[in-house]
Each structure stands twice: as structure tokens, then as C-alpha cells.
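The values are calculated or read from the model by the stated rules, or taken from the named source; none is laboratory data. Note that the structure is predicted; figures quoted are calculated from it, not measured. As a convention, Cβ positions derive from the backbone with ideal geometry for all residues, glycine included, and neighbour counts pool all protein chains shown. Ligands, DNA and RNA are stripped out before the accessible areas are found, and what is left, the full protein with its side chains, is counted by its heavy atoms. Shrake-Rupley method; radii C 1.70, N 1.55, O 1.52, S 1.80 Å.
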Amino acid sequence: LRGGYPRAVLASSPRAAMRWLRDYLALVIERDMPLLGMNVAAPVMQRFWRLLAHYHAQTWNAAEPARSLGVSENTVRKYLDFMSGLQLVRQLAPWHENLGKRQVKSPKIYIRDSGLLHYLWGLQDSDALWQHPKSDASWEGFALEQVLHVAQPDEAYYWATHAGAELDLLMFKHGLRVGVEFKRVDAPKMTPSMLTAMHDLKLDALYVVYPGERRYAIHSPKAPAGVPVQAVPLSNLASIQADWS
């Protein structure tokens with residue numbers, strides 16, 4: 001709920017945490033960004049941040065934010081790249097294979113601190129978070145940041161086709177192709193999209209990160225032979241790193 005900034009985590013209440021996050025974002029917009037060369041009116045940048053929150057865990061389309069802000073698509077991309085450079089926003093690039101399929105070519109957008117995202121969504125407590133229609137997207141972004149921190153891949157992408165197949169995270173490390181799916185369910189199972197990704201991308205392993213307590217193998221007769229598929233609790237991500245040691 002509160003994200004990872006120490007003053008938000010240690011605040012006396014969730015509401016106090018959200019007030020601190022509000023003030024922090026205002027400071028970034030009104031002081032830090034101009035000092036770093038991004039001179040944009042504060043109300044415009046506040047609106048841009050709320051648009052970013054709308055796109056969290058979705059593919060980016062510059063046309064809609066550009067129309068909303070009354071600027072060009074190139075200007076909106078400049079804003080986005082600037083936020084990514086400050087490490088406040090993650091642009092997860094798309095991966096392309098020569099598959100004869102139409103593949104998505106826009107990045108996915110994540111606000112890297114979950115507390116900042118929840119402030120922008122107007123959430124004040126845990127009940128509001130879990131009742132929010134995009135709570136799954138919030139959990140995906142949080143889990144993604146933890147996996148990347150633990151795994152430290154050489155490269156990281158996502159993959160999607162216009163037919164609907166998708167892989168939340170494709171990591172390259174030690175010459176291996178490792179896929180990761182994020183599922184906020186009690187007991188994840190194999191899905192058609194996961195099978196498509198395994199075959200098309202020739203994965204060496206696939207992990208399904210979920211908010212449970214037990215690591216277990218996921219089996220399917222349609223899966224490529226010899227490719228392990230494991231459900232891994234978010235609280236036990238160190239076991240992923242151990243697999244590659």
C-alpha cells in the first residue's frame with residue numbers, strides 16, 4: 001500500500017503516508033524537474049502523472065495523453081522518457097520474434113513505487129486497494145520490481161501478440177530465456193497464453209509468481225518437453241536466483 005519510500009513506510013498512518021507521497025510528488029514536479037531541465041507547468045505535469053497511473057501495467061499509446069494535454073505525441077514521449085530517466089517510471093520494452101505473427105511494439109508502463117501509484121489512484125487504505133478494479137495491475141507492478149531486483153537479468157522485456165498471447169516478463173540471463181507470469185490467484189495453472197509463449201519463444205524455464213506460500217511444479221501435456229514450469233510465491237523469489245547459480 002505505502003510503497004518503498006522510508007518516510008511513507010514509517011508514517012503514523014496510511015493517510016499520513018499518502019500526504020507525504022503527495023508532497024513528494026509536488027516537490028519532484030515543482031523543484032527537481034525544473035532543476036534538471038524539464039520546465040513544464042506544474043498543473044500539466046500533475047495531469048500527466050495521473051495519465052501515467054491510468055496506463056500502469058498497460059501498453060503505452062502516446063496519442064491519448066497528447067490529446068488530453070494539448071501537446072504533440074513527441075512531447076509526451078519526452079515527458080515519459082524524462083520520468084524513466086529519473087527511475088520513477090519503468091518502460092518495459094517489447095520483444096519481437098520472427099514468428100509470422102503481428103506482435104505488439106509499444107512499451108508497457110509501470111510506476112515503479114507502488115505507494116506513489118496508489119496516491120495517484122486516490123487510495124487511502126488497504127480495503128480501498130483490494131477493492132480497486134486495477135488492484136491486479138498494482139500487484140503485477142510490485143511483483144515485477146521485486147523479480148527484477150532479485151534476478152538481475154542481463155536484459156528484460158515483455159512479449160505480446162495482437163491475437164492475445166502475452167508473457168508478462170521475458171528475461172535473458174546466462175544465455176537462458178526465462179519467462180515470468182504474474183498471477184494474483186491462490187493456485188495458478190497453465191494457460192493457453194503461457195503455452196503459446198513457451199513454444200514461440202523457446203523458453204528455457206517459466207515461473208508463475210503468485211501471492212501464495214508453496215512452490216510447486218505446473219504440468220501440462222501440451223508444454224514443450226524438458227521446460228520446467230514452477231509456481232513461485234512472491235515471498236520466496238530468492239529460489240529463482242538459486243536456480244541460476
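Do the conditions hold for Asp186, that is, is it closer than 29 Å to Leu99 by Cα and either among the acidic types (Asp, Glu) or modelled with pLDDT of 95 or more (or both)?
Answer is no for this residue.
Name, by its number, the condition in (1) in contact (Cβ under 8 Å) with a residue 40 or more places away in the chain; (2) open to solvent by 20 Å² or more (accessible area, probe 1.4 Å); (3) within 23 Å of His199 (Cα to Cα); (4) in a strand (DSSP E or B) that does not hold for Arg90.
Every listed condition holds for Arg90 apart from (3).
Taking the residues in the range 24-51 that are within 24 Å of the chain's Cα centre (by Cα) and charged (D, E, K, R) as candidates, determine which candidate is farthest from Val76 (Cα to Cα).
Arg50
Go through (1) open to solvent by 10 Å² or more (accessible area, probe 1.4 Å); (2) of a type in the set (A, V, I, L, M, F, W, C); (3) closer than 23 Å to Met198 by Cα; (4) not in a strand (DSSP E or B) and name the single condition Leu120 misses.
(3)
Take Tyr207 and decide whether it is of a type in the set (Ser, Thr, Tyr), open to solvent by less than 20 Å² (accessible area, probe 1.4 Å), over 18 Å from Val104 (Cβ atoms) and in contact with a strand residue (DSSP E or B) (Cβ under 6 Å, 6 or more places away or on another chain).
Values: of a type in the set (Ser, Thr, Tyr): yes; open to solvent by less than 20 Å² (accessible area, probe 1.4 Å): yes; over 18 Å from Val104 (Cβ atoms): yes; in contact with a strand residue (DSSP E or B) (Cβ under 6 Å, 6 or more places away or on another chain): yes.
So Tyr207 fits the description; yes.
Mind telling me which of the residues Ala156, Ala53 ends up being among the aliphatic types (A, V, I, L, M), outside any helix (DSSP H, G or I) and either touching a Ser or Thr at 6+ places or on another chain (Cβ under 6 Å) or modelled with pLDDT of 95 or more (or both)? Quick ask: steps written out before the conclusion?
Working: Ala53 fails: outside any helix (DSSP H, G or I).
The match here is Ala156.
Within the group Leu195, Leu206, which residue is farther than 21 Å from Glu145 by Cβ and either without any contact (Cβ under 8 Å) to a residue 60 or more places away in the chain or outside any loop (DSSP other than H, G, I, E, B) (or both)?
Exactly one residue qualifies, and that residue is Leu195.
Identify all residues within the range 101-117 that are surrounded by fewer than 20 Cβ atoms within 10 Å (Cβ to Cβ) and among the small types (Gly, Ala, Ser); write none if there are none.
Ser106
May I ask you to list the residues in the range 20-36 that are open to solvent by 80 Å² or more (accessible area, probe 1.4 Å) and of a type in the set (Asp, Glu)?
If the condition is that a residue be open to solvent by 80 Å² or more (accessible area, probe 1.4 Å) and of a type in the set (Asp, Glu), then Asp23, Glu30 are the ones that fit.
Restricting attention to the range 56-66, which residues are of a type in the set (D, E, K, R) and either in a loop (DSSP other than H, G, I, E, B) or at pLDDT 95 or above (or both)?
The answer is none; no residue qualifies.
Looking at the range 4-19, is at least one residue within 18 Å of Glu145 (Cα to Cα), open to solvent by 50 Å² or more (accessible area, probe 1.4 Å), in a loop (DSSP other than H, G, I, E, B) and aromatic (Phe, Trp, Tyr)?
The answer is yes, given that some residue of the range 4-19 is within 18 Å of Glu145 (Cα to Cα), open to solvent by 50 Å² or more (accessible area, probe 1.4 Å), in a loop (DSSP other than H, G, I, E, B) and aromatic (Phe, Trp, Tyr).
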